[in-house]
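Peer 1: Before I ask anything, here is the structure I am working with.
Laboratory data are not the source of any read-out in this text; all were calculated from the coordinates shown. Keep in mind the model is a prediction, meaning the values are calculated, not measured. No Cβ is skipped: glycine too gets one built from the backbone with ideal geometry, and neighbour counts run over all protein chains shown.
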Amino acid sequence: MQHNLVFFGNERLASGCTTTLPILNALLKSEVNIKLIIISEKGTKSRNKRELEVEEFSSKHGIELFIPKDTEELARKLFETKAEVGVLAAYGKIISQEIINIFPKGIINLHPSLLPKYRGPTPIESAILNGDSKTGVSIMSLTAGMDSGPIYSQLELELTKKESKQDLASRLGDLGATEISKLLSEGVPKPKEQTGQPTICPLMQRSDSILDLSKPAEQLGREVRTYLGWPGSKLDLELKDGTKLTITVTQASISDEKHEDNPLSLQTSKGHFNIEKLKLPGRNEMTTKEFLNGYRSKLRI
């Protein structure tokens with residue numbers, strides 16, 4: 001039986017990441033009728049804020065894209081769709097119980113962690129930053145509480161501890177898309193309440209971007225992979241003229257010993273932090289070798 005469905009969100013599962021829209025594309029191929037796509041705000045084509053992939057998707061497939069002004073307007077629009085079920089991935093706002101109750105079969109939410117671990121806005125970043133050996137996706141029944149609804153299913157993903165935020169967001173999105181399609185096609189089971197002690201992950205702050213060499217190299221490596229895209233990982237390099245040059249590190253490795261062929265192999269409180277790729281303000285990403293071709297003689301190293 002074909003479901004009439006409303007989709008909430010832009011599928012960008014972490015800040016600063018892009019998406020190939022695995023859930024929407026999977027739904028498009030399955031036995032559902034996507035009546036409406038709802039987002040909390042549009043992207044832009046500006047340099048710092050990219051247009052949302054979901055905007056192009058809605059235009060290409062002739063599916064209405066809607067940004068509600070308030071709960072009352074959203075409720076009116078949803079009643080018009082006569083949709084039985086909602087699917088949500090990265091909507092960015094709390095959905096009230098009043099809205100959830102409009103759907104006879106509720107709203108299915110993808111959360112990129114093994115709930116109740118990492119409830120909140122940054123589960124992908126938290127898994128990388130904390131050096132977890134595994135994470136996963138939880139397909140849950142949305143409730144008005146923050147990520148506290150009962151679980152339909154969970155899928156685990158082993159981590160190599162080399163993943164960037166973008167890598168992990170993409171893999172978890174693909175994993176969740178397959179599971180949501182399966183649930184809708186085979187019939188949604190009764191969800192089970194979450195068990196275990198919840199942990200809450202915090203919002204990222206712009207101040208998180210500062211790399212502190214008094215930390216261990218391993219922690220700095222995690223920060224680079226966690227904050228890639230936003231807020232970035234910034235480091236001041238001293239120049240011979242007494243000024244400082246701020247770089248954004250985009251790729252780094254760690255080692256016990258200094259890499260003698262890399263002047264940007266920096267001593268930390270434990271180990272060496274080896275900068276491999278970086279960006280200068282207003283410039284594209286470059287390798288450390290490319291950077292040193294222009295700046296080696298200016299650096300106090």
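Peer 1: What whole number of Å gives the distance from the Cα centroid of the range 107-178 to the Cα centroid of the range 250-281?
Peer 2: Result: 30 Å between the Cα centres.
Peer 1: I would also like to ask the following. What do you get for Rg/Rh over the chain if you use C-alpha atoms and the Kirkwood form of Rh?
Peer 2: 1.04
Peer 1: Could you estimate the translational diffusion coefficient of the range 16-144 from the Stokes-Einstein equation, with Rh from the Kirkwood formula over C-alpha pairs, at 37 °C and 0.692 mPa s, in whole µm²/s?
Peer 2: In µm²/s, the coefficient rounds to 202.
Peer 1: Distances longer than 17 Å among the Cα atoms of the range 47-87: what percent of all pairs is that?
Peer 2: So the pairs more than 17 Å apart make up 50 percent of the total in the range 47-87.
Peer 1: While we're here: For residue 105, give me every one of the lysines with a C-alpha distance below 30 angstrom, ignoring sequence neighbours fewer than eight places off in its own chain.
Peer 2: By straight Cα distance, residue 105 reaches 29, 35, 42, 60, 69, 77, 82, 93, 117, 182, 190, 192.
Peer 1: Another one. Along the charge dipole of the range 206-298, which of 207, 250, 269 sits closest to the positive end, that is, farthest toward it, with unit charges on the beta carbon of Lys, Arg, Asp and Glu (+1, +1, -1, -1)?
Peer 2: Positive-most Cα among the choices belongs to 207.
Peer 1: Taking the alpha-carbon distance from residue 277 and a cut-off under 19 Å, which lysines remain once sequence neighbours fewer than 8 residues away in the same chain are dropped?
Peer 2: 161, 162, 165, 234, 244, 258, 289, 298
Peer 1: In addition: At what distance in nm do the modelled label points of residue 205 and residue 42 sit from each other, each positioned 7 Å from its Cα along Cα→Cβ?
Peer 2: Once both label points are built, they end up 3.4 nm from each other.
Peer 1: Now, a different point. Report the gain in length on full extension from residue 190 to residue 79: 0.36 nm times residue separation, minus Cα-Cα distance, nm rounded to one decimal.
Peer 2: 37.5 nm
Peer 1: While we're looking at this one, here's another question. Mind pulling the angle between the C-alpha long axis of helix 165-186 and the longest principal axis of the chain? Nearest 10 degrees, somewhere in 0 to 90.
Peer 2: On a 0 to 90 degree scale, this one is about 20.
Peer 1: Which value in nm describes the separation of the simple spin-label points at residue 30 and residue 156, placed 7 Å from the Cα toward the beta carbon?
Peer 2: 2.4 nm
Peer 1: Which value at 222 nm does the chain reach when only helices count, each DSSP H run of 4 or more adding -39,500 (n - 2.57), with the total divided by all residues and rounded to the nearest 500 deg cm²/dmol?
Peer 2: Result for the chain, helices only: -8000 deg cm²/dmol.
Peer 1: Using only the alpha-carbon atoms, how far is helix 217-227 inclined from the longest principal axis of the chain? Give it as 0 to 90 degrees, nearest 10.
Peer 2: The angle comes out at about 40 degrees.
Peer 1: Take 111, 3, 259 and order them by how many other Cβ atoms sit within 10 Å, fewest up front.
Peer 2: Sorted ascending by nearby Cβ count, the order is 259, 3, 111.
Peer 1: Would you work out which of 150, 92, 227 lies farthest towards the positive end of the dipole of the chain? Charges go on Cβ: Lys and Arg +1, Asp and Glu -1.
Peer 2: Value: 227.
Peer 1: Could you work out the relative contact order of the chain, using alpha carbon pairs under 8 angstrom and six or more residues apart, expressed as a whole percent?
Peer 2: 15 percent
Peer 1: Along each principal axis of its Cα atoms, how long is the range 206-298 end to end? Whole angstroms, biggest number first, please.
Peer 2: 30, 29, 23
Peer 1: While we're here: What angle, in degrees between 0 and 90 and rounded to the nearest 10, separates the Cα long axis of helix 71-81 from the longest principal axis of the Cα atoms of the chain?
Peer 2: 60 degrees
Peer 1: Pop the C-beta distance of residue 178 and residue 215 into the FRET formula with R0 = 41 Å and round what comes out to the nearest 0.05.
Peer 2: Approximately 0.65, to the nearest 0.05.
Peer 1: Please compute the modelled spin-label separation between residue 245 and residue 197, points set 7 Å along Cα→Cβ, answer in nm with one decimal.
Peer 2: Here the modelled spin labels are 4.8 nm apart.
Peer 1: Full-extension gain between residue 130 and residue 280, please, as 0.36 nm times their residue separation minus the C-alpha to C-alpha distance.
Peer 2: Fully extending the segment from residue 130 to residue 280 adds 51.2 nm.
Peer 1: Could you list the residues of the range 126-146 with an amide nitrogen less than 14 Å from a label point located 7 Å from the Cα of residue 94 in the Cα-to-C-beta direction?
Peer 2: Counting backbone N atoms under 14 Å from the label point, the list is 143-146.
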